[in-house]
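Some notes on the structure that comes next.
Laboratory data are not the source of any read-out in this text; all were calculated from the coordinates shown. Just so you know, these numbers come straight off a predicted model, no measurement behind them. Heads up, the Cβs are rebuilt from the backbone with ideal geometry, glycines too, and the neighbour counts pull from every protein chain shown.
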Amino acid sequence: MRKSRATWLSRISTVEMLFTATVTLVASLIGSWLKQLPVLNLFGALILALILGMLLQFPIRIGYVGRNDARRAGVKDAAGLISNKLLRLGIILLGFKLNLHVLFTQGLKCLPIALVVVTFTIVVCYAIARALHIDPMLAILTAGGTGICGAAAVMGLSGAIKVSDERQNEKDDDITMAVAIVAIMGTVFALLEIALGPLTGMTHNQLGLVAGASLHEIAHAVAAGAAFGAVDIATIMKLSRVLMLVFAAIAIAVWWDRFHAEVEPDGKRSIAFPWFMLGFIAASIIGTFVPFVSGIAPHLVDAAYVVLGMAMAALGINVNFKAIASKGRKAVLASFLASILLTCLTMGIAVLFF
């Protein structure tokens with residue numbers, strides 16, 4: 001225990017950790033500010049923080065790291081620690097966004113729809129990705145981000161996938177790729193739905209339901225719902241899908257352990273269980289039923305996005321651009337095809353049941 005504590009202290013009490021934490025915090029805050037601007041609000045704070053982190057990689061490498069190998073290793077370790085630990089804290093805090101009373105009353109009809117569309121999208125997107133010979137880790141992260149709630153889902157599901165230290169860089173690159181892919185797809189389909197939705201002849205509520213059930217990021221669903229004058233149903237439908245993140249993370253943890261877990265040198269398997277998802281549920285319960293906490297829940301959600309933005313910026317700092325260029329194209333196609341099928345499915349559900 002003392003050795004473990006000493007190791008942690010040695011990793012967090014460094015100049016590189018202070019530098020990296022400051023840089024990622026600034027990137028996260030700038031991303032939160034930029035999301036308020038027209039057009040950029042379709043991307044959301046997390047995607048913007050990731051992009052800023054990727055851009056900052058170059059000045060950090062040239063101006064701060066230089067040829068100092070120890071400093072390079074320190075920044076890499078600090079960014080990895082921030083992306084790994086803060087994403088879990090951010091997901092827990094994001095639970096305060098879920099008002100269970102609203103979901104289980106006004107959104108009661110949306111919950112079974114969310115279960116159907118999330119299951120359908122993850123299974124179909126993963127199947128398409130594997131048919132295109134995409135590796136299982138990138139395939140499932142892309143499928144989860146497409147089916148549930150974009151970047152937050154990718155980061156949440158990544159906690160259900162445990163890999164060896166040797167493969168951690170590969171995992172980080174896959175997370176970054178999946179986040180970028182669902183950001184692109186979500187933005188493209190949000191613009192398409194806003195432009196073409198009124199031409200379908202569906203009612204405002206039906207269009208709002210489709211937006212909440214098919215678009216990837218919460219920002220996308222809210223933007224499209226507002227354009228249709230149905231932001232409430234779009235938001236409730238989207239939050240119903242966010243709730244599915246808990247069950248999806250647990251199911252994927254079990255599935256990954258069963259079919260893809262790595263074997264340790266002592267013969268044991270690397271098992272990961274997303275315990276932080278229990279914190280996500282606890283936060284949603286506390287935020288819904290504890291009066292004092294429910295009053296400050298919006299501020300806690302803002303804090304969640306700042307923390308998650310730091311994790312995203314840290315991913316961007318460590319991203320391998322060559323890996324993204326070589327592996328990302330087929331994953332984009334898989335998400336695109338799955339998004340088309342998801343939109344068609346949700347339009348059918350909207351016409352039949354709303």
Could you state, as a whole-number percent, how many of the C-alpha pairs of segment 1-137 are farther apart than 19 Å? 70 percent
Extension gain from LEU37 to PHE104, taking 0.36 nm per residue of separation minus the Cα-Cα distance: 20.8 nm
How large is the helix-only mean residue ellipticity at 222 nm for the chain, computed as the sum of -39500 (n - 2.57) over DSSP H runs with n ≥ 4, divided by its residue count, in deg cm²/dmol to the nearest 500? -26000 deg cm²/dmol
Residues VAL332, VAL23 arranged by fewest to most Cβ contacts within 10 Å: VAL332, VAL23
Please name which of GLN206, LEU115, ALA325 has its Cα lying farthest along the dipole of the chain towards the positive end, using unit charges on Cβ (Lys, Arg +1; Asp, Glu -1) and the Cα centre as origin. ALA325
Just to confirm the filter: which trypsin sites (Lys or Arg not before Pro) across segment 137-213 are DSSP coil and have at most 12 other Cβ within 10 angstrom of their Cβ? none
Taking Cα atoms, how many degrees apart are the long axis of helix 276-289 and the longest axis of the chain, rounded to 10 and kept between 0 and 90? 50 degrees
Any chance you could give the angle, 0 to 90 degrees and rounded to 10, that helix 321-353 forms with the longest Cα principal axis of the chain? 20 degrees
Determine the dipole magnitude for the chain: charges of +1 sit on the beta-carbon of Lys and Arg, -1 on that of Asp and Glu, nothing else is charged, the reference point is the Cα centre, and the result goes in debye to the nearest 20. 520 debye
Beyond 28 Å between alpha-carbons counts as too far, so tell me which of LYS109/LYS327; LYS35/LYS109; LYS35/LYS97 fall in that bin. LYS109/LYS327; LYS35/LYS109
On a 0 to 90° scale, report how tilted helix 204-214 is relative to the longest principal axis of the chain, with both axes built from alpha carbons and the result rounded to the nearest 10. 30 degrees
